[in-house]
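One structure is given below, encoded as structure tokens.
The values are calculated or read from the model by the stated rules, or taken from the named source; none is laboratory data. Since the structure is predicted, the reported quantities are computational estimates derived from the model, not experimental observations. Cβ placement follows ideal geometry from the backbone for every residue including glycine, while neighbour counts extend to all protein chains displayed. In case anyone asks, the SASA skips ligands and DNA or RNA and just uses the protein heavy atoms, side chains included. Shrake-Rupley method; radii C 1.70, N 1.55, O 1.52, S 1.80 Å.
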Amino acid sequence: MIEETIEFARNAHKAELHMHLEGALTPELFLKFATRNNKDIPYKTVEEIREKYLFTNLEDFINVYIEGFQSLATTQDYNELFDDYCEHAVSDNVVHTEIFTEAQGVPMIGMELPDMMDACVDGIERWSKKGLEILLIPTFLRHLSEREALESLDLLEPYYKHISAIGLAAVELGHPPNKFKALFAKARELGFKLVAHAGEEGPPEYVWQAIDELGVDRIDHGNRAIEDPVLVARLARDQIPLTMCPLSNLCLCVVDSLEEHQAKRFLDAGVKVTINSDDPAYFGGYINDNFEQIIRAQQLDLSDVEQLITNSLESAFSPA
Ligand code: ADE
Ligand code: ZN
């Protein structure tokens, strides 16, 4: 029965709502881009790079992720990265994906913002012709100041028509959502949907802030909301989606095992849970691998999986 449930999940047309483009940088692409761009890196082989992919927490991961990010330099790199992810998405029967990009980080690695954004806009057009609908969500770096985030939002102005939402990511602890109230208010005024990583490592209080002070439309991760029954009831009552990422949570020690992942408890409480890959090249799998492993670990049945798939489609910021 479990095999049939996994097969159903694999074949279902689904939406992916939490995937960082720079987190789709495979070791192969990392080596290729670093070599092509004459970047000095301390690795000669894909295996040496993979050895670094052992993390004890989010900050640990972000450091390795930034190292990979710094190999990117040109529109061509971003085109190839975009295509690599989209090929996986289509093969996993993703019909709609909402891609996070490091819009604020790009100028910091010496790359021009238009070089990255043009590649994304071009990718959206090319892949829409192949039946994959793509929305773009630039993310802001929560360990930096709100002023810097606001400046970065201004720099994106020529691309506003290509942006659906803004997000908040990077190291969470010590950087509560309410540090970014003005940023989110401005983004709302501009007509964007709003999302924020919250409750991945941070306490339930950060999830409350994201909902009540930033007014987000979805919470990215949200694992630790489970610690507060009143918060769980609020998420369920208002049907605020959680974009959960089981393999990421396992790799970053947010949970000790997938058996104890919060997904099933949230589902049973009526919370709108979705399953996503986060940074697929770093965490051992794309969206269907996340489905397979969470189904096995939590013995999810067909109705659980139907609910997860329906949730993904209903939680999309899709014009369709
Ligand atoms: N940036 C890329 N992946 C992330 C994650 N899992 N949490 C926070 N920021 C991220
Ligand atoms: Zn994420």
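What the table shows:
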quantity: Any chance ALA15 is open to solvent by less than 10 Å² (accessible area, probe 1.4 Å), outside any strand (DSSP E or B), more than 16 Å from ligand 1 (Cβ to nearest atom) and at pLDDT 95 or above; calculated: no
quantity: Selected residue [open to solvent by 30 Å² or more (accessible area, probe 1.4 Å) and either out of contact with any helix residue (DSSP H, G or I) (no Cβ under 6 Å at 6 or more places or on another chain) or under 26 Å from GLN70 (Cβ atoms) (or both)] from ARG147, ARG142; calculated: ARG147
quantity: Qualifying positions in region 279-307 - assigned to a helix (DSSP H, G or I), without any contact (Cβ under 8 Å) to a residue 60 or more places away in the chain and not charged (D, E, K, R); calculated: ASN290, GLN293, ILE294, ALA297, GLN298, SER303, GLN307
quantity: Residue under evaluation MET116, criteria (1) crowded, with 22+ Cβ neighbours inside 10 Å; (2) part of a loop (DSSP other than H, G, I, E, B), criterion not met; calculated: (2)
quantity: Leading residue by the ranking (nearest to ILE137 (Cα to Cα)) among those in region 260-278 that are part of a helix (DSSP H, G or I) and open to solvent by 10 Å² or more (accessible area, probe 1.4 Å); calculated: LEU267
quantity: Count - residues of region 247-257 that are closer than 12 Å to HIS221 by Cβ and either more than 12 Å from ligand 1 (Cβ to nearest atom) or open to solvent by 10 Å² or more (accessible area, probe 1.4 Å) (or both); calculated: 2
quantity: Which numbered condition ILE137 misses (of (1) closer than 29 Å to GLU51 by Cα; (2) touching a Lys or Arg at 6+ places or on another chain (Cβ under 9 Å)); calculated: (1)
quantity: Residue in region 250-282 that is nearest to ligand 2 (Cβ to nearest atom), counting only those that are within 12 Å of the chain's Cα centre (by Cα) and closer than 17 Å to ARG296 by Cβ; calculated: SER277
quantity: Counted residues, region 86-102 - those being open to solvent by less than 20 Å² (accessible area, probe 1.4 Å), more than 14 Å from ligand 2 (Cβ to nearest atom) and in a strand (DSSP E or B); calculated: 2
quantity: Close pairs from region 212-238: first closer than 18 Å to GLU98 by Cβ, partner open to solvent by 60 Å² or more (accessible area, probe 1.4 Å), Cβ under 6 Å, at least 6 apart; calculated: ASP217/LYS193
quantity: Hits in region 82-108 - residues which are within 15 Å of the chain's Cα centre (by Cα) and under 29 Å from ASP154 (Cα atoms); calculated: PHE82, TYR85, CYS86, HIS96, THR97, GLU98, ILE99, PHE100, THR101, GLU102, ALA103
quantity: Per-region count, region 231-245, residues open to solvent by 30 Å² or more (accessible area, probe 1.4 Å) and in contact with a Phe, Trp or Tyr (Cβ under 9 Å, 6 or more places away or on another chain); calculated: 1
quantity: Any hit, region 74-85, residues being at pLDDT 95 or above, open to solvent by 40 Å² or more (accessible area, probe 1.4 Å) and farther than 28 Å from ALA196 by Cα; calculated: yes
quantity: Flag if THR35 is open to solvent by 30 Å² or more (accessible area, probe 1.4 Å), of a type in the set (Ser, Thr, Tyr) and away from ligand 2 (no atom under 16 Å from the Cβ); calculated: yes
